[in-house]
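Here the structure comes first, spelled out in structure tokens, and everything after it is commentary.
The values are calculated or read from the model by the stated rules, or taken from the named source; none is laboratory data. None of these values were measured; they are calculated from a predicted model. Here Cβ is always computed from backbone atoms with ideal geometry, including for glycine, and neighbour counts include all displayed protein chains. Calculation scope for accessible area: heavy atoms of the full protein, side chains included, ligands and nucleic acids excluded. Shrake-Rupley method; radii C 1.70, N 1.55, O 1.52, S 1.80 Å.
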Amino acid sequence: MSSPIAVSMTDDTTNYVRWRIIRTIAAKEWLEINRDARFRWLAALTLLLMACAVIFGAGQAQRTERDRTVAAEADRQLWTAQGAKNPHAGAHFGQYAFKMQSPLALADPGIEAYVGTAVWLEAHKQNEVQFIPAYDGGLSVRLGNLSLAFVLQTVMPLLVIMLGFSAFSGERERGTLRQLLSLGTRPLDLLAGKYLAVISVLAALLLPALAGVLLCCLFLVEPSVLSYQDQLVRLGWLVIGYGLYLGGFAALALAVSAFSWTSRAALVGLLAFWLFICFLAPRLLTDFVRDTLPLPSALEYRQDIANDKKKSFEHNEKHPAFIAFRDQVLRQYGVERVEDLPVNFRGLSLRESDEQGYRIYDRHFGALQEDFLRQDRWRAVLGFAVPFLAIQPYSMGMAGTDNRSHRHFASAAEQHRRIIQTIASDDLIHNGRYGDENYVADPEIWEKIPSFIYHGPQAEWVLAAQASNLFSLTGWFIMAALLAAFAVKRIRVI
């Protein structure tokens, strides 16, 4: 009977030998891939696309930030220069709430071309988005601009397929697969070596793009608004997400290659799958979800809000709700007439009208966002089998350019609008006299209202929101890896 020490040494030796075999197979595959002129051309084209995407994205991010800074300063000067003015009229003067983009938006611009990065803040009006690039972008925006996310989500899977489609079928066609297995090489070690080679080549291609995005994160972040640490954590989770996405494609390519009798059959099958995953399935499922869970049009959304607001008194002093509110205030202060109130009744009625409007806006805006989230959940359900449906929202979420991030910004802007409204109404309530239509507040009141500075959610908030998509990507990777292991265990040499 052998001792435990002897057994351990034997296991260590076996593992060492297996690792050397895997490394040797990986080195041989790496050498063959680099000798392939077709791969060199394809890799050069992919690198060029990624370099263009990062450079153009960085340039666009700098222009957007420069425009945002200039516009924010000009808007602040206009706001503080209102002078002595009725506070309610000042609230109607309005101002903009600007969103500072994350540097990661240059990698994945997401939906910001359609929702914009600024919100107009005015009394009694909520979340009117402004400066939407899609308005002026024409057909080029609707077809999709070149971005690093587009290259990673659609072009890189094609490159992975080109790397792996002949890994086993090519060996079988050349007759070298029989030789490799006859030498005692285990099928799983053969798979591990080939997979290591594909992943190594992939990593070498992605490192320059990763370095470019990392430099943008370090040099384009405004520390007073965005956190370096948060941006790096988001970048790390992006690397993990894309690693699962592309790693799954690598395993799938090897699995199909092991199953296929010829390289041509493997290539045709994988290309058909790539077309379906990256182009057909997202379009078909989006149409299905849109038809199954329809959203109200912009006109319907605004009309529903307007109908509900008609039930509140707004500025109508003959509305039954206004009369009921007036009587309640009189009872509260123990007086018979509004002229005898110790505070300005018009200010009280404006504040009450605003608060009723807040509840109406919150209900409709929350319902609309729930509809968006419900559609997102439907798309995430098939993320295991159609990983494009999982990586796209996950990537936008980590870049801060998805629907949830826009909702976070719009909600923060709305809270700032309510702060403006509250300060204006309080000034009128405590300083204005009833019936004095000419009351004006001191010019200093506009300086007291702080500028809007948006602090986006931290990476932990995004990760919690994207947990289902990350789970789907993990499931996709595990299923592809298991399929590859299953394929090589049953591989036939002739």
Residue count, the range 1-32 (criterion: of a type in the set (A, V, I, L, M) and either open to solvent by 90 Å² or more (accessible area, probe 1.4 Å) or modelled with pLDDT under 85 (or both)):
6
Filter the range 333-342 for residues that are aliphatic (A, V, I, L, M) and either crowded, with 16+ Cβ neighbours inside 10 Å or part of a helix (DSSP H, G or I) (or both) and give the result.
V338, L341
Any residue that is within 18 Å of the chain's Cα centre (by Cα) and assigned to a loop (DSSP other than H, G, I, E, B) - is there at least one of those in the range 418-441?
no
Given the conditions (1) loosely packed, with under 13 Cβ neighbours inside 10 Å; (2) without any contact (Cβ under 8 Å) to a residue 12 or more places away in the chain; (3) of a type outside the set (D, E), which single one is not true for L330?
(1)
When residues of the range 399-417 are limited to those that are part of a helix (DSSP H, G or I) and among the small types (G, A, S), the one farthest from A123 (Cα to Cα)
A399
Looking at the range 174-224, which of the residues that are within 33 Å of the chain's Cα centre (by Cα) and of a type in the set (S, T, N, Q) is farthest from A255 (Cα to Cα)?
S224
Any helices (runs of 4 or more DSSP H) falling wholly within the range 4-97 and containing at least 3 residues that are touching a strand residue (DSSP E or B) at 6+ places or on another chain (Cβ under 8 Å):
37-80, 87-93
Every residue in the range 294-306 that is small (G, A, S) and in a helix (DSSP H, G or I), please.
A298, A306
Tally up the residues in the range 433-456 that are closer than 30 Å to S405 by Cβ, open to solvent by 60 Å² or more (accessible area, probe 1.4 Å) and among the aromatic types (F, W, Y), please.
0
Some residue of the range 307-324 being modelled with pLDDT of 90 or more, assigned to a helix (DSSP H, G or I) and either open to solvent by 70 Å² or more (accessible area, probe 1.4 Å) or hydroxyl-bearing (S, T, Y) (or both):
no
Answer yes or no: is there a residue in the range 371-382 that is assigned to a loop (DSSP other than H, G, I, E, B), in contact (Cβ under 8 Å) with a residue 40 or more places away in the chain, buried (at least 19 other Cβ atoms within 10 Å of the Cβ) and not basic (K, R).
no
Any residue in the range 148-174 that's touching a residue at least 60 places away in the same chain (Cβ under 8 Å) and open to solvent by 10 Å² or more (accessible area, probe 1.4 Å): show its pairings with residues that are among the hydroxyl-bearing types (S, T, Y) and not in a helix (DSSP H, G or I) at Cβ separation under 7 Å, as long as the two are six or more apart or on different chains.
E173/T262
Of (1) at pLDDT below 85; (2) within 44 Å of the chain's Cα centre (by Cα); (3) acidic (D, E), D304 satisfies every one except (1)
